[in-house]
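Values quoted throughout were computed directly from the atomic coordinates according to the rules given, and no laboratory measurement underlies them. This is a predicted model, so every value here is computed, not measured. We place every Cβ from the backbone using ideal geometry, glycine too, and count neighbours over all the protein chains shown.
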Amino acid sequence: MENTSWAIEGAPDAFVEVQGRKYAGRDGGGPQLCSSVCLALGRHAHIDYCRNEKGDCLEPESEHITEPILPEPSKPKDWVSHKAFWARTGFKDPYPRDDQAEFAKCDAQCAGPEHEATATAPAKPSYCTLPMFHPPQLVEWTGGHGTHISKNGHHFPCPNPNNLRQAFHVIFVLDRSGSMAEKDRRPMQNTPVFNRINSNNCNRYGAVLSALHGFWLSRGTGQTGARRDAYSVILFDDKPEILIANDVTSSPLNLLKRILYAKPWGGTDFDAALVSTKDVMEAHWTMDRSPVVIFLSDGECNVDDNVIYDLCNRAVALTKPLSLHTVSFGDANNSYSLRRMAQIAQEVAKGAPRDPLSSPVPSGYTGAMDTIRLTETFLNIAESLKKPRASLIRT
């Protein structure tokens, strides 16, 4: 295709492989034939220069590209569907109807490891069944037997890969002391529960609730039967309160409702919260689930090392080392105690016997709320994958 160049989504050094040949951004499209390049790409989107100078494109079957992309990165561009692209050219689509129908579908792929290539078999990708540029599907819609909806709203005709992975008893320990009423952290916008959380807790505690709800959505709703994960929630100020214990059936929304109306107040006692965590872990111990504690706070409290050791050593005595993750929603200067918790948990787990039936989940500390993706960061659960888009564009 003369007078065209490759435009590739992603980093400047990204490349696409087409018919055994690799192309980088701005490479010429001369070797490709317009009658074969689409078939070689499979499900795909074309690229075109934006028709709206303001960049707020609303044309059907298109998606505005928000990041600069080669060639001519200063010029705004859109991804457009195969059908829309050929309609814009004024020429007849040269591909058979069956191919056109395939090109019209979403290019997102399920991230389940069962779809990957092996030493003896090629990859068997599972694609989203919805049209290209579809609006996100509600995660709480199960999608039907043997199918699933990914966290980012794609519908895949295969079981949820989360259900094939290790199961956990996740104990959330949430700070609701007076300092959690500060408004320097707030609930995440553009989520289905933003208004509900924001109207009750437009503060640090509300930010914690947003993170939890996103986690619960990602790990599965429990609407197709009992979840493999169990959830417990402990709120604490100067005293701990167990609001949810070993729940395996409630939906993310129902879990949220049970902790939504708590209000930040009072002092802070990390030691008491950790003792309560140990009690919940022991009371609901099972060999089927590995223990995970996610401790979320603004960090403004001291902690006794012995209390941390007691919790971690007790898990080892029960045959599974504890995975302890501490998350700071406050000033990094107040994070010493949270860092210390994770450090001790790592130390104890390192010296514990390996569990042959489950993979270890390393403990850790994070202080960057904007980067929290609890299922990815803490439990290494992937979302759906999307191969980088690539297309030829007129130059």
| said: Quick check: pseudo-label points 7 Å beyond the Cα along Cα→Cβ at residue 334 and residue 91, how many nm apart are they? | reply: 6.4
| said: Using 31 Å as the Cα-Cα cut-off, could you pick out the over-long pairs in 183/320; 151/239; 22/77; 257/350; 22/92? | reply: 183/320; 151/239; 257/350
| request: Go ahead and run the numbers for FRET between residue 271 and residue 138, Cβ-Cβ distance against an R0 of 41 Å, rounding to 0.05. | output: 0.50
| Assigning unit charges at the beta carbon (Lys, Arg +1; Asp, Glu -1) and nothing else, what dipole magnitude in debye, to the nearest 20, does the range 165-377 show about its Cα centre? | 800
| said: What distance in nm lies between label points placed 7 Å from Cα along the C-beta direction at residue 49 and residue 21? | reply: 2.6
| Taking GluC sites (Glu not before Pro) as exposed when DSSP calls them loop (any state but H, G, I, E, B) and at most 12 other Cβ atoms lie within 10 Å, what is the longest stretch of the chain free of them, the sites themselves excluded? | 117-395
| task | Find how much the distance from residue 72 to residue 152 grows on full extension, using 0.36 nm per residue of separation minus their present alpha carbon separation; answer in nm with one decimal. | result | 25.8 nm
| query | What list of whole percents do you get for P(r) of the chain, with Cα-Cα distances grouped in 20 Å bins up to the one holding the largest distance? | reply | 24, 46, 26, 3
| message | Using only Cα atoms and rounding to the nearest 10 degrees, what angle (0 to 90) does helix 204-219 make with the longest principal axis of the chain? | response | 60
| said: Name the residue from 12, 38, 68 whose Cα lies farthest towards the positive end of the charge dipole of the range 4-104, charges +1 on Cβ of Lys and Arg and -1 on Cβ of Asp and Glu. | reply: 38
| Rounded, prolate or oblate: which fits the range 165-377, taking a ≥ b ≥ c as square roots of the Cα gyration tensor eigenvalues, rounded meaning a/c under 1.5, else prolate when a/b beats b/c? | oblate
| said: Please compute, for the alpha-carbon atoms of the range 4-104, the extent along each of the three principal axes and give them in descending order in Å. | reply: 36, 30, 19
| task | Quick one: work out the % antiparallel among DSSP beta bridges in the chain, nearest 5. | result | 55
| field | chymotrypsin sites (Phe, Trp or Tyr not before Pro) within the range 194-274: DSSP coil, no more than 11 neighbouring Cβ in 10 Å | value | 261
| field | About the Cα centre, charge dipole magnitude for the chain (Lys/Arg +1, Asp/Glu -1 at Cβ), debye | value | 700
| Length-normalised contact order for the chain - Cα pairs under 8 Å, 6+ apart - percent | 17
| task | Count neighbours as other Cβ atoms within 10 Å of each site's Cβ, and list the trypsin sites (Lys or Arg not before Pro) in the range 51-108 that are DSSP loop with at most 11 such neighbours. | result | 54, 92
| message | For the pair residue 306/residue 124, report the inter-label distance in nm, with labels modelled 7 Å from Cα in the Cβ direction. | response | 5.8
| note | 1/(1 + (r/R0)^6) with r = Cβ-Cβ of residue 98 and residue 63, R0 = 22 Å, i.e. FRET efficiency to nearest 0.05, evaluates to 0.35
